[in-house]
Amino acid sequence: MINAPPHTLADRLEQLQERITRACQRAGRDRKEVTLVGVSKTFPAEAVSEAFEAGLRDFGENKVQELVAKASLRPGERNGGHCRWHMIGHLQRNKAKEVIAHADLFHALDSLRLAKELDKRAAQQGRMLPCLVQVNVSNEDTKFGLLPRQVGGLLDQLAPFKNLKVLGLMTLASPSDNPERVRPEFQQLRRLLEDEDKQGRSHVFLRHLSMGMSGDFEVAIEEGATLIRVGSLLFGARS
């Protein structure tokens with residue numbers, strides 16, 4: 001567990017932004033290419049408000065019920081608000097309707113069956129759902145996501161779905177105290193995105209890599225992450 005430094009959320013956010021900027025500089029990247037998603041799971045809506053007042057605009061939730069509760073109090077762009085809500089956790093098909101109603105970006109598309117349900121619900125609500133395909137690059141049995149060799153097949157199968165817009169790939173790296181150990185996993189996801197982008201599918205737009213969390217986000221940025229998902233470093237340790 002990573003313990004947050006003993007100062008305010010605004011201070012932690014400023015420190016995080018500085019670390020993101022330095023990682024971008026090391027990689028020769030434009031800071032504007034990287035979006036910090038504050039993962040507010042288990043923290044109250046007041047913490048989201050505090051982070052918003054400090055300047056954060058992107059928030060992520062792992063569970064649908066928390067997404068609905070917090071996005072109802074502080075709507076995202078989908079519902080006319082001034083922040084963006086990211087659904088980053090595994091989704092059961094019976095919760096698709098709520099995600100369509102509240103999420104600005106869905107990070108965990110991992111099956112054709114889920115894609116069908118999301119497309120149907122998005123059509124009913126008259127919207128296009130931006131989403132990312134989740135990839136299990138570490139090949140761990142405990143993780144959701146497609147194996148890298150399965151990604152192309154799913155992308156091909158998504159062609160008929162007019163209410164889903166695939167914008168990239170997402171992964172959860174292996175747990176490690178040394179971020180250098182997971183660098184190859186981030187490299188693998190980047191190469192997979194580059195390879196699939198060369199296939200020229202007109203219905204997908206592979207521009208985003210959602211990878212990197214509190215313990216390894218700097219390495220993820222160096223390897224091409226455009227969305228990093230940081231929770232404990234920003235909001236504090238979870239009980």
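Test residue 35 against the stated conditions and say whether it is in contact with a Leu (Cβ under 9 Å, 6 or more places away or on another chain) and of a type in the set (Val, Ile, Thr). Walk me through it before giving the result.
On the way: in contact with a Leu (Cβ under 9 Å, 6 or more places away or on another chain): yes; of a type in the set (Val, Ile, Thr): yes.
Answer is yes for this residue.
Here's the yes/no breakdown for (1) charged (D, E, K, R); (2) within 19 Å of the chain's Cα centre (by Cα); (3) farther than 27 Å from residue 74 by Cα:
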{"position": "99", "(1), (2), (3)": "no, yes, no"}
{"position": "102", "(1), (2), (3)": "no, yes, no"}
{"position": "107", "(1), (2), (3)": "no, yes, no"}
{"position": "128", "(1), (2), (3)": "no, yes, no"}
{"position": "131", "(1), (2), (3)": "no, yes, no"}
{"position": "136", "(1), (2), (3)": "no, yes, yes"}
{"position": "149", "(1), (2), (3)": "yes, no, yes"}
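Taking the stretch 214-239 as the region of interest, how many residues are farther than 18 Å from residue 26 by Cα, of a type in the set (A, V, I, L, M) and within 18 Å of the chain's Cα centre (by Cα)?
Filtering the stretch 214-239 down to residues farther than 18 Å from residue 26 by Cα leaves 214, 229-239.
Now drop any that are not of a type in the set (A, V, I, L, M), which leaves 230, 233-234, 237.
Adding the requirement that they be within 18 Å of the chain's Cα centre (by Cα) leaves 230, 233-234.
Matching residues across the stretch 214-239 total 3.
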* Structure fact -> Flagged in the stretch 5-44 as basic (Lys, Arg) and in contact with an Asp or Glu (Cβ under 9 Å, 6 or more places away or on another chain), in numbering order, are 19, 22, 26, 29, 41
* Among the candidates 228, 221, which residue alone is on the phi < 0 side of the Ramachandran plot, surrounded by 19 or more Cβ atoms within 10 Å (Cβ to Cβ), modelled with pLDDT of 95 or more and assigned to a helix (DSSP H, G or I)? -> 221
* Structure fact -> Residue hits (the stretch 184-218; more than 13 Å from residue 34 (Cβ to Cβ) and assigned to a loop (DSSP other than H, G, I, E, B)) are 198, 199, 200, 201, 202, 203, 213, 214, 215, 216
* Find all pairs meeting these conditions: Cβ atoms under 8 angstrom apart; at least six residues apart or on different chains; first residue within the stretch 154-175 and among the basic types (Lys, Arg); second residue surrounded by fewer than 16 Cβ atoms within 10 Å (Cβ to Cβ) and in a strand (DSSP E or B). => 165/205
* To do: Tally the residues that are among the basic types (Lys, Arg), within 20 Å of residue 205 (Cα to Cα) and not in a helix (DSSP H, G or I), restricting the search to the stretch 117-164.
  => 2
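The values are calculated or read from the model by the stated rules, or taken from the named source; none is laboratory data. Since we're looking at a predicted model, the values are computed, not measured. Here Cβ is always computed from backbone atoms with ideal geometry, including for glycine, and neighbour counts include all displayed protein chains.
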